[in-house]
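The values are calculated or read from the model by the stated rules, or taken from the named source; none is laboratory data. Everything numeric here is computed off the predicted structure, so don't read it as measured data. Cβ placement follows ideal geometry from the backbone for every residue including glycine, while neighbour counts extend to all protein chains displayed. Accessible surface is based on the protein model in full, side chains and every heavy atom, while ligands, DNA and RNA are left aside. Shrake-Rupley method; radii C 1.70, N 1.55, O 1.52, S 1.80 Å.
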Amino acid sequence: MNDIRRTILLVVFMASLAVLFDHWQVYNGRKSFFLPSPPDATVSAAQAPSGPVPGGAGSPAAVPSPAQSAAAAPAAASEKVTVATDVFRAVIDTQGGTLSRLELLKYTEDTPQSGLVDFVKRLFGQPIEKSENRQITLMEDGSAATAYAAQTGLLDPANRAAHFFPDHFSVMSVQPGPRALANGQDTLDVTLESPVVNGLKYIKTYHFRRGDYIIGVSHQVVNVGSQPADAQLYLQIQRHGVVPQNHMLGTSTFTGPAVYTDDKKFHKVAFTDISKNKADLPSSSDNGWIAMVQHYFVSAWLLDVPGHTGLKRDFRAADLGNNQYSIAMVLHLPPIAAGATETVQSKLYAGPEEEKKLEALAPGLELVKDYGIFAIISKPLYWLMYWLHGVLGNWGWSIVAVVVLLKLVFFWLNAKAYSSMARMKAVNPRVMEVRERLKDKPQEMQKEMMRIYREEKINPIGGCLPIAIQIPVFIALYWVLLSSVEMRQAPWIGWIHDLSSPDPWFILPALMTISSLFQTWLNPAPPDPMQAKLMWIMPLVFSVMFLFFPAGLVLYWVTNNILSIAQQWLINSRLGLHAAKPPKQPSKPGKA
């Protein structure tokens, strides 16, 4: 049994060292040894897969692709219209009335916190890079590595020709009007109108509202011809396929398209599945939405508004080449009589993944917030922290309060475990004497040790229960910190200005190391000397890993350690035990 435990501890120790070194490699910009690198963002058009793709050219009523546009006659020059609100700085391209750039003014890019590293650089006279707080750019009409846009247009169900009706390649005219929210103004509208193409004119109006990340978009399809017309309206999000590096120890939130219908529920669509024509999309439905998901932020086309909840829609995804992908929702419009107008109201949400707000917008929309495999624990943990934050007003103190509550819930279970550990500490001298006396008879030694444990009513593995309880909650909290935009750049006290980033002064990791070593001192030493040494070395190894963990996660562990030490010290005192170093092994007979 001792050999097995020694082997397990050695494997855990070596795996921890390997993971620590691998993360150090990633932290310094090198490739991971264990995890594949993200796809190259500079894939050329010549390398793009050829042939038809789902929703691409060659399928009925295909959403227009860049290849079709390049084959068509050159388009007229378009105009870029800049719109400013209190939460957005948006750019609308009159080519298709596309939302081609969107800055989120209330969110800035992550910048490294000034701390111990900068202090050491200053001490040795090394230059310190200064970073500017730039607003998050969610959408951008940039290179293949940054291109991201929200597009709409009309399709011909009969698919008679490319660009048969006005689409997102058609140059539209913009109506004059204000382009920025004035003081006291709560709404701002921007209207674009296409030329008549095969009897149809497409009018699109963006409705911006103060303090709102929902952009209302109304679509008017006007039949100016003399015959009824059949048309489809598509709402599409196009994005580059660059997936960010892993955040920590191989974990990262999902990046890519997502689809929801009442039948299929929430469903993520990987870029690689789209490229392989294996995208699992819902069948035609009279409900649902599409989204493009990334860390902390999301854009989504929603249609579940009064009057159009039951409009039939198809879902399509396409690899557009050059590392560009699209997810589209194609709406089946009723026949439009000559001289009539068909109007569809939609919403484009483009902003942070605030779970409570997303939940109120559309069924299942809050699921774009990725909690990983521990969602069953992470989700209620987030809601508990959210409620505590409403009371305490600080996410750091909310983490501390969560630990206190968990300790209260598991108080008696932990008490039994700590009592078992305390009794093991008391009988440790007897166990050491048995090991020394029967070291050449391992089977008898194990029987004698188990007899002692039975007599003292001790469960040798009872002390593992507190750790077994902590680990799932610890991982779940990591996912909460990783995925919750509310904790992004959230301060705690003093030097902690961002709970989702590492401690800049490494104070919390140092406290975690000290508290872990003190716990090791309080616990009974393993009978095996090698195991005893590993029990002292492992906290030091894990403390190095904690240097790179989010400060909120280390705060959780430090608080948990302090409360565990207090409970264990109290139990030891009640049992009449004094915290002391493990006794030395008895010397061999005949030696001093």
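Residue 283 contributes an accessible area of around 90 Å² to the protein surface, as traced by a 1.4 Å probe with all chains present. Taking R0 as 30 Å, what FRET efficiency do you get between residue 436 and residue 468 from their Cβ-Cβ distance, rounded to the nearest 0.05? Once the sixth-power term is evaluated, E becomes 0.45.
Accessible surface computed residue by residue for the stretch 269-370, with neighbouring protein chains in place and a 1.4 Å probe, gives 34 Å² per residue. Each peptide in 174-180, 310-316 receives the mean, over its residues, of other Cβ atoms within 10 Å, and ordering these scores from highest gives 310-316, 174-180. To the nearest 10, the accessible area of residue 286 is 80 Å² with a 1.4 Å probe.
Normalised size of the stretch 233-377, defined as Cα radius of gyration per 2.2 N^0.38 Å with N residues, equals 1.10. When the surface is traced with a 1.4 Å probe over the full set of protein chains, residue 492 keeps roughly 40 Å² accessible. Using the beta-carbon distance between residue 224 and residue 186 and R0 = 35 Å, what value does 1/(1 + (r/R0)^6) give for FRET efficiency, to the nearest 0.05? After rounding, the FRET efficiency stands at 0.55.
Couplings for the stretch 275-286, taken from phi via the Karplus curve 6.51 cos²θ - 1.76 cosθ + 1.60 with θ = phi - 60°, read 5, 8, 6, 10, 5, 8, 9, x, 6, 3, 8, 9 Hz in order; Gly and Pro are left as x.
Legend: residues 333, 540, sorted from most to least accessible area (1.4 Å probe; ligands, DNA and RNA excluded), read 540, 333.
Ordered from highest to lowest accessible area with the whole protein assembly present and a 1.4 Å probe, 146, 98 read as 146, 98. Taking the 1.4 Å solvent-accessible surface of the stretch 189-317 as the whole, the part contributed by carbon and sulfur is 46%. For the stretch 161-214, the Cβ-based charge dipole about the Cα centre amounts to some 40 debye (Lys, Arg positive; Asp, Glu negative; other atoms uncharged). All other residues whose Cβ lies under 11 angstrom from that of residue 256 are scored, Lys and Arg at +1 and Asp and Glu at -1, for a net of 0. Amide H to amide H, with H built 1.01 Å from N, residue 167 comes under 5 Å of 154, counting only residues 5 or more places away or on other chains.
Residues 386, 107, sorted by accessible area with the largest first, give 386, 107 [1.4 Å probe; ligands and nucleic acids excluded]. Of all aspartates and glutamates in the structure, the ones whose alpha carbon falls short of 14 Å from that of residue 201, not counting any fewer than 8 places away in one chain, are 156, 167, 193, 230, 342.
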